[in-house]
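**Student:** Dropping a structure here in structure tokens format, bear with me for questions.
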Amino acid sequence: MPSTLVMTFIGRDRPGLVNTIASRIAAEGGAWLESKLARLGGEFAGIVRVESPSDKVAALTAALRELEAQGFRVTIEASQAVEETKRASMKLELLCLDRPGIVSEVTAAISSLGVNIEEFESGLVEAAFTGQPMFKATLRLQAPQTLVRDELSRRLEKLASEMIADIVLTGED
């Protein structure tokens, strides 16, 4: 029976970095199942889900740990199958003037209702006319089926007025 591993890595960005990791995985009989990778501040970081024959997990783990000698920081965890409960998918888009505390405030409002953040992408953009830094974020959310979407919308609308932000919440299929 195959085993599933989740690994994270970070290293100074350079050509061939992803291939270095992918080659190690393939050489040990592993299969790259899914990933999220990004360049941030001169570093390249990622999270990768890998499937490996159970009898090759130790060798794969050792091969990936050898990358640390090349300047990578690597973590590897066995992935536990989790029974998924029915949840409603939503997308949240946020745009406001940049300032400290935005992520804390938004995530507090979301998590207080039992909503899970499945993906979070953010960055700074320039305001159209003034050039001021604007914080922009896109979140993919999973809400409990029991949550009334209007309740989340009300909470986010209140937060948007306090932050002077544009917040758009939409359902996903």
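The values are calculated or read from the model by the stated rules, or taken from the named source; none is laboratory data. This is a predicted model, so every value here is computed, not measured. No Cβ is skipped: glycine too gets one built from the backbone with ideal geometry, and neighbour counts run over all protein chains shown.
**Student:** Can you tell me which residues in segment 1-53 are of a type in the set (Val, Ile, Thr) and outside any helix (DSSP H, G or I)? Break it down into steps so the answer makes sense when it comes.
**Tutor:** The first filter runs over segment 1-53 and keeps only residues of a type in the set (Val, Ile, Thr), leaving 4, 6, 8, 10, 18, 20-21, 25, 47-48, 50.
Thr4, Val6, Thr8, Ile10, Ile47, Val48, Val50, listed by residue number.
**Student:** Restricting the search to segment 95-144, which residues are closer than 25 Å to Glu34 by Cα, surrounded by 13 or more Cβ atoms within 10 Å (Cβ to Cβ) and among the small types (Gly, Ala, Ser)?
**Tutor:** The answer is Ser122, Ala137, Ala143.
**Student:** Find the strands (runs of 3 or more DSSP E) located wholly in segment 54-173 whose residues include 2 or more that are out of contact with any helix residue (DSSP H, G or I) (no Cβ under 6 Å at 6 or more places or on another chain) and among the hydrophobic types (A, V, I, L, M, F, W, C), and list them.
**Tutor:** 87-97, 116-126, 133-144, 165-171
**Student:** Looking at the structure I just gave you, is Glu77 modelled with pLDDT of 95 or more, within 29 Å of Thr138 (Cα to Cα), over 16 Å from the mean Cα position of the chain (by Cα) and charged (D, E, K, R)?
**Tutor:** On the way: modelled with pLDDT of 95 or more: yes; within 29 Å of Thr138 (Cα to Cα): yes; over 16 Å from the mean Cα position of the chain (by Cα): yes; charged (D, E, K, R): yes.
Yes, satisfied.
**Student:** Looking only at segment 71-94, decide whether some residue is outside the structural domain of Ser35 (by TED's automatic domain parsing), closer than 25 Å to Arg39 by Cβ, of a type outside the set (Lys, Arg) and out of contact with any strand residue (DSSP E or B) (no Cβ under 7 Å at 6 or more places or on another chain).
**Tutor:** There is no residue in segment 71-94 that is outside the structural domain of Ser35 (by TED's automatic domain parsing), closer than 25 Å to Arg39 by Cβ, of a type outside the set (Lys, Arg) and out of contact with any strand residue (DSSP E or B) (no Cβ under 7 Å at 6 or more places or on another chain).
**Student:** Still on this structure: Could you say whether any residue in segment 21-41 is over 30 Å from Leu169 (Cβ atoms), modelled with pLDDT under 95 and in contact with a strand residue (DSSP E or B) (Cβ under 9 Å, 6 or more places away or on another chain)?
**Tutor:** So far as segment 21-41 goes, no, none of its residues is over 30 Å from Leu169 (Cβ atoms), modelled with pLDDT under 95 and in contact with a strand residue (DSSP E or B) (Cβ under 9 Å, 6 or more places away or on another chain).
**Student:** Ok, one more. Just checking, which of Glu34, Glu68 is of a type in the set (Asp, Glu) and under 22 Å from the mean Cα position of the chain (by Cα)? Don't jump to the end; show me each part of the working.
**Tutor:** Numbers: Glu68 fails: under 22 Å from the mean Cα position of the chain (by Cα).
The conditions single out Glu34.
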